[in-house]
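I have placed the structure first, in the form of structure tokens, so that the comments after it can refer back to it.
The values are calculated or read from the model by the stated rules, or taken from the named source; none is laboratory data. Since the structure is predicted, the reported quantities are computational estimates derived from the model, not experimental observations. We place every Cβ from the backbone using ideal geometry, glycine too, and count neighbours over all the protein chains shown. Calculation scope for accessible area: heavy atoms of the full protein, side chains included, ligands and nucleic acids excluded. Shrake-Rupley method; radii C 1.70, N 1.55, O 1.52, S 1.80 Å.
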Amino acid sequence: MLDLSSISDENYERIATITSEAAVDLHDCYQCGKCSAGCPMAHEMDLLPRQVLRALQLGQYEQVLNAKTPWICATCMVCSARCPQEINIHGLMLAVRHAAKQQGLRPVAEPDIFDDIFISNVRLFGKSNETILAGRYNLASRHLMQDMSNVPRMAARKMVGPKVHTVKNRKAVRELVDRVLKRGEEQ
């Protein structure tokens with residue numbers, strides 16, 4: 001059984017908030033490592049998925065919030081699918097990312113920049129417009145020429161272009177996105 005008596009009350013509450021948001025019981029993880037072995041992004045992470053779980057089990061809240069791992073996580077759900085305990089590991093990564101963002105922490109900025117621009121794009125047009133998304137992302141992330149070599153080929157195949165595509169009921173999509181975002185803030 002995991003001894004949580006050495007964890008400060010403040011960290012215990014913070015970790016409880018994260019695990020509650022992700023619907024995860026840290027006691028379920030017995031460190032088999034299947035999540036980390038299957039993770040396609042593990043080679044880029046400073047903490048493997050099982051190490052994030054272990055750090056939270058040990059009350060190392062700041063270490064987890066300052067880790068690059070939750071921001072690098074592709075939320076592909078391979079970790080959760082491989083987990084013999086069916087732990088919502090990808091949800092835990094999102095909850096850690098959310099907690100870090102609330103504290104003004106962004107160890108890896110690009111995923112957060114992308115998420116914000118993507119959501120803004122969907123709110124505005126009712127769907128993602130790749131040309132606008134890529135342009136806004138490249139400006140905001142300061143990767144100004146990223147993927148520019150692909151533009152001629154994509155334009156020739158009519159994958160990108162000057163026409164802005166929208167859905168018929170953009171207002172309904174915007175309201176849906178706003179409801180989901182509001183619900184996330186309330187948690």
ask   = Cysteines of the chain lacking any other cysteine beta carbon under 4.7 Å?
value = C29, C32, C39, C73, C76, C83
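Sequence gap at least 6, Cα distance under 8 Å: using those rules, report the relative contact order of the stretch 1-155 to the nearest whole percent.
It comes to 21 percent, rounded to a whole number.
Taking only pairs that are 8 or more places apart or on different chains, how many Lys pairs in the chain have Cα atoms under 18 angstrom apart?
Here the count comes out as 7.
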ask   = How much of D25 can a 1.4 Å solvent probe reach, expressed as accessible area in Å² and rounded to 10?
value = 70 Å²
note = Ranked by GNM mean-square fluctuation in the chain (Cα springs under 10 Å), the top entry among K158, K171, K127 is K158
task = Can you grab the distance from the C-alpha centre of the stretch 27-61 to the C-alpha centre of the stretch 120-187, Å, no decimals?
result = 32 Å
message = At 1.4 Å probe size, with the rest of the protein present, what percent of the exposed accessible area of the stretch 69-187 is carbon and sulfur atoms?
response = 56 percent
Inter-label distance for E10 and V151, nm, one decimal - labels placed 7 Å from Cα along Cα-to-Cβ = 4.8 nm
query = Taking only the alpha-carbon atoms of the chain, what semi-axes of the equivalent ellipsoid follow from 5 times the gyration tensor eigenvalues under a square root, in whole Å, largest first?
reply = 35, 19, 15
query = Once every DSSP H run of n ≥ 4 in the chain is given -39500 (n - 2.57) and the sum is divided by its residues, what mean residue ellipticity at 222 nm do you get, rounded to the nearest 500 deg cm²/dmol?
reply = -17000 deg cm²/dmol
ask   = Over the heavy atoms of R50, what accessible area does a 1.4 Å probe trace out, to the nearest 10 Å²?
value = 80 Å²
ask   = Which shape class applies to the stretch 109-186: rounded if a/c is under 1.5, otherwise prolate when a/b exceeds b/c and oblate if not, where a ≥ b ≥ c are the square roots of the Cα gyration tensor eigenvalues?
value = oblate
request  = With a probe of 1.4 Å, find how much accessible area the chain has per residue, and write the answer as a whole number in Å².
outcome  = 62 Å²
message = Please report the accessible area of C83 (heavy atoms, 1.4 Å probe, ligands and nucleic acids excluded) in Å², nearest 10.
response = 20 Å²
ask   = Ranked by accessible surface with a 1.4 Å probe, highest first, in what order do K163, K182, K68 come?
value = K163, K182, K68
task = For F114, F125, give the ranking by accessible area with the largest first, probe 1.4 Å.
result = F114, F125
message = Test of understanding: extend the Cα→C-beta vector of D46 to 7 Å, then name every residue of the stretch 58-95 with backbone N under 13 Å from that spot.
response = 62-72
task = Give a quick list of chymotrypsin sites (Phe, Trp or Tyr not before Pro) in the stretch 1-86 that DSSP marks as loop, anything other than H, G, I, E or B, with at most 16 other Cβ atoms within 10 Å.
result = Y30
